[in-house]
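Below is one structure, written out as structure tokens; the observations come after it.
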Amino acid sequence: MVGALIGVVAAAAGAALPKRWRVPASASLVLCGCLTELATSIRVLATGSDAHWHSIDLLPFTGVTLLLTPLGAIFVVLVTVVAVPATLYWIGYSSHGASARTTACNYAMFVTVLLIVPAAASVATFMFLWEMMALTSLALVLTDQGRRAAARSAGVWYGVITHAGAAFIMAAFLLLASHSGSQTFVAMTSHARTLAPGARAVIFLLALVGFGSKAGVVPFHVWLPRAHPEAPTPVSALMSGAMVALGVYGIVLFGNVLLSGGPVWWWLIVLALGGVSALFGSLHAVNSTDLKKLLAYSTTDNIGLALLAVGASGIFVATGHGRLGALSLVAAVFMLVNHAMFKGALFLVAGSVQVASGTRDLDELGGLLRRMPQSGALFLVAAAAICALPPLNGFVGEWLLFQSLLQGVNLGSTAGDIAITVSVAALALAAGLTIVAFVKAAGVGFLGRPRSPGANDAREVAMSMRVGSGLLVVMCVVAGVAPMTILSAVERAVRAALPRVGSRSVVRGLQLQLVGARGVLAPTVLAASLAGALILAVSLRRALARRRAVRVVEAWGSGRELVTARMQYTATSFAEPVQRVFDDVLRPVRDVNVSHVAESRYVIESMSYRSRVDDGIERALYAPVIKVIRRWGQYARRLQPGSVHRYLAYGLAALVVTLLVVAVAG
């Protein structure tokens, strides 16, 4: 609770202090609040004892109830992992349009609420914090709405979807609280098993829709590629790395804690949502040319993989394979922590690229590694981590998920066996598409030659921005080389989420060893071996270079003396083969315009080719709904012509109808 008080003071400082001191003071207080909450979470994870706080003075009638369990504590750690580097980044980034009073105040409140949500232990407390999280993040998405119509559009999409999701969450809580007679999570958990199966199913499905909309899973993902590019860069990192992870936390909270598990078909739905989200997100990331939009679709991909693990965990537990279920949930939580690290780093570097070059369009970038060597190197390492390349953290997370799925293909349940087998294929395909997407982002954006004046004139950004990005990249390396430092805490959190399931630790000294399986991984030894192989290769190259003259030529020049930017791949051309393979799924819109010279229709003067990939879910699902709403809106306008006489007639008609209803009812 001390961290929350510090966060409120930080928000007040952001709103009240003059411009010179506003951001440094608010950022310093936010960092203090993060470290305070981190210390409390580490103590909870180390001792296994919950941290409890209650006050009847803050919220009317109900008060505030906070209970930080090991499950909530690991998500507080996750938020801190992103919030500390993002806040350091904000100090340097604030001079580029993120230093207004409203921005500083909302940023501090957003971080503070993110830290407290996992500790909420009553319906009123949770919903108050959840709505505060939605409103502060919405205000931050609208930071630039005065100058950009795209920001206003993103705010509308995000506001509608997030509040519709909150309505589903509230309905789930009300059904559960009405049965238990109490709004505290402890009381609801103790009464959940006495609920009828139908009521339990309705509650779970309502929660799945509500939290799934916040997590950005298909088909509720449409706000992600709109809001992330328009929000200030530190906010994008927080929304993608931390806020969407709290959507997964809500699904685990309802499915595993409040409802104490459920039948196989619950988790088959979660598994299906995860698999579809992973494939859809990775496929659209490959075809995105806007760097931040690519990262937004990649968030849908990574959250889909985490839900794949959550669904598999539920299926394993429901079919009596508890230890395997615990392993899958460990993989899910560890992947969320990893995602916070590398996706936060990628968003921060993407913001640095936009500040330095003035654009996020990969088709206009290129050559940034030479002009921004430190930021470019950080992006390459984070991209390698999200592609699950050893010895980085993404590799360990996906290895755990692969192992849990491969060990669970013979469950004795036909539906479960088929679903797990298909999940392995979906995971493999999504991993391959992710590699293509980030090879494109790194190769086209940072290598080659610049394709615009902005990319050519780009220079390194402020030191605090590089420190924030670098801190997350260092975490990616540490979590990959020594994942046991995090996995022990993750396992304690999973035991709190699955108290009835027996589980054993996968950490064995410097190894990760799966109980009852042959899977063994030694990340530290693997990292040392790769480092030794790299040193040996560099040494041999230098030794050979001393013996003979080295001729320097243009990379990929094909013998040409002059290589220009027009001779290299753009982001669009790089994605073209994948787009053609998945043509029936993506349904790209192509337009070819040919202009002929005036003297002859056989001689072409110019030719232009345009291709774009629209969001198929938005086109097929949301566009018809929006069309109907707009049509009804036009009809509704006719009811308000501004005539006082008509308004009085409406009142009279309503009164007559009310009297008739009362008379019939009486």
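Note on region 631-661: residues that are at pLDDT below 85 and in a helix (DSSP H, G or I) amount to 9. For region 637-666, enumerate the residues that are touching a helix residue (DSSP H, G or I) at 6+ places or on another chain (Cβ under 9 Å) and of a type in the set (A, V, I, L, M, F, W, C). Hit for region 637-666 is L639, nothing else.
The residue of region 290-332 that is modelled with the lowest pLDDT, among those that are touching a Lys or Arg at 6+ places or on another chain (Cβ under 7 Å) and among the charged types (D, E, K, R), is R323. Number of residues in region 537-572 that are outside any helix (DSSP H, G or I) and at pLDDT 75 or above equals 3. Looking only at residues in region 293-319 that are in contact with a Pro (Cβ under 9 Å, 6 or more places away or on another chain) and surrounded by fewer than 24 Cβ atoms within 10 Å (Cβ to Cβ), the one that is farthest from G616 (Cα to Cα) is A318.
Looking only at residues in region 592-613 that are surrounded by 10 or more Cβ atoms within 10 Å (Cβ to Cβ) and either in contact with a Cys (Cβ under 9 Å, 6 or more places away or on another chain) or not in a strand (DSSP E or B) (or both), the one that is modelled with the lowest pLDDT is V597. Taking the conditions exactly as written (basic (K, R), in contact with a helix residue (DSSP H, G or I) (Cβ under 8 Å, 6 or more places away or on another chain) and surrounded by fewer than 18 Cβ atoms within 10 Å (Cβ to Cβ)), does R451 satisfy them or not? Taking the combined requirement at face value, the residue does not satisfy it.
Among the residues of region 1-50, those that are of a type in the set (D, E, K, R) and either surrounded by 19 or more Cβ atoms within 10 Å (Cβ to Cβ) or free of Cβ contacts under 8 Å to residues at least 24 places away in the same chain (or both) comprise R20, R22, E37, R43, D50. When we screen V257, V264, V286 for residues that are closer than 27 Å to L115 by Cβ and either surrounded by fewer than 24 Cβ atoms within 10 Å (Cβ to Cβ) or aliphatic (A, V, I, L, M) (or both), the only hit is V257. Of all residues in region 209-219, none satisfies being at positive phi, in contact (Cβ under 8 Å) with a residue 40 or more places away in the chain and polar (S, T, N, Q).
The condition of being closer than 23 Å to N287 by Cβ and among the β-branched types (V, I, T) does not hold for V628. Being crowded, with 22+ Cβ neighbours inside 10 Å, in contact with a Leu (Cβ under 7 Å, 6 or more places away or on another chain) and under 20 Å from F211 (Cβ atoms) is a condition met by no residue of region 146-157. Can you work out which of the residues in region 389-418 that are free of Cβ contacts under 8 Å to residues at least 24 places away in the same chain and of a type in the set (S, T, N, Q) is surrounded by the most Cβ atoms within 10 Å (Cβ to Cβ)? The residue in question is N410. Comparison of S41, S28 shows that the only residue that is in a helix (DSSP H, G or I), closer than 17 Å to M109 by Cα and not charged (D, E, K, R) is S28. Considering region 573-591 alone, what residues qualify as being part of a helix (DSSP H, G or I) and surrounded by 10 or more Cβ atoms within 10 Å (Cβ to Cβ)? Within region 573-591, S573, F574, A575, E576, P577, V578, Q579, R580, V581, D583, V585, L586 meet the criteria. Exactly one residue among G416, G397 is in a helix (DSSP H, G or I) and touching a Ser or Thr at 6+ places or on another chain (Cβ under 7 Å), and that residue is G416. Of the residues contained in region 614-627, none is found to be part of a loop (DSSP other than H, G, I, E, B), at pLDDT below 75 and not hydrophobic (A, V, I, L, M, F, W, C).
Considering region 47-89, and only residues there that are among the hydroxyl-bearing types (S, T, Y), in contact with a helix residue (DSSP H, G or I) (Cβ under 6 Å, 6 or more places away or on another chain) and not in a loop (DSSP other than H, G, I, E, B), the residue that is nearest to L31 (Cα to Cα) turns out to be T87. If you check A150, A139, A108, A134 for being part of a helix (DSSP H, G or I), farther than 24 Å from A340 by Cα and not basic (K, R), only one passes: A150. Does T421 qualify as being of a type in the set (V, I, T), in a helix (DSSP H, G or I) and crowded, with 23+ Cβ neighbours inside 10 Å? So T421 does not fit the description; no. Checking each residue of region 119-139 against the condition of being out of contact with any Ser or Thr (no Cβ under 7 Å at 6 or more places or on another chain), modelled with pLDDT of 90 or more, hydroxyl-bearing (S, T, Y) and surrounded by fewer than 24 Cβ atoms within 10 Å (Cβ to Cβ) gives at least one match. Mind checking which residues of region 454-487 are in contact with a Gly (Cβ under 6 Å, 6 or more places away or on another chain), part of a loop (DSSP other than H, G, I, E, B) and buried (at least 23 other Cβ atoms within 10 Å of the Cβ)? None - no residue of region 454-487 is in contact with a Gly (Cβ under 6 Å, 6 or more places away or on another chain), part of a loop (DSSP other than H, G, I, E, B) and buried (at least 23 other Cβ atoms within 10 Å of the Cβ), so the list stays empty. Of all residues in region 27-44, none are in contact with a helix residue (DSSP H, G or I) (Cβ under 8 Å, 6 or more places away or on another chain) and modelled with pLDDT under 85. Does A73 satisfy the criteria of being in contact with a Lys or Arg (Cβ under 9 Å, 6 or more places away or on another chain) and not assigned by TED's automatic domain parsing to the domain that holds G358? Here the answer is yes, as A73 does meet what is asked.
The values are calculated or read from the model by the stated rules, or taken from the named source; none is laboratory data. Given the structure is predicted, the values throughout are model-derived calculations rather than measurements. All Cβ positions, even for glycine, are placed from backbone atoms using ideal geometry, and neighbour counts span all protein chains on display.
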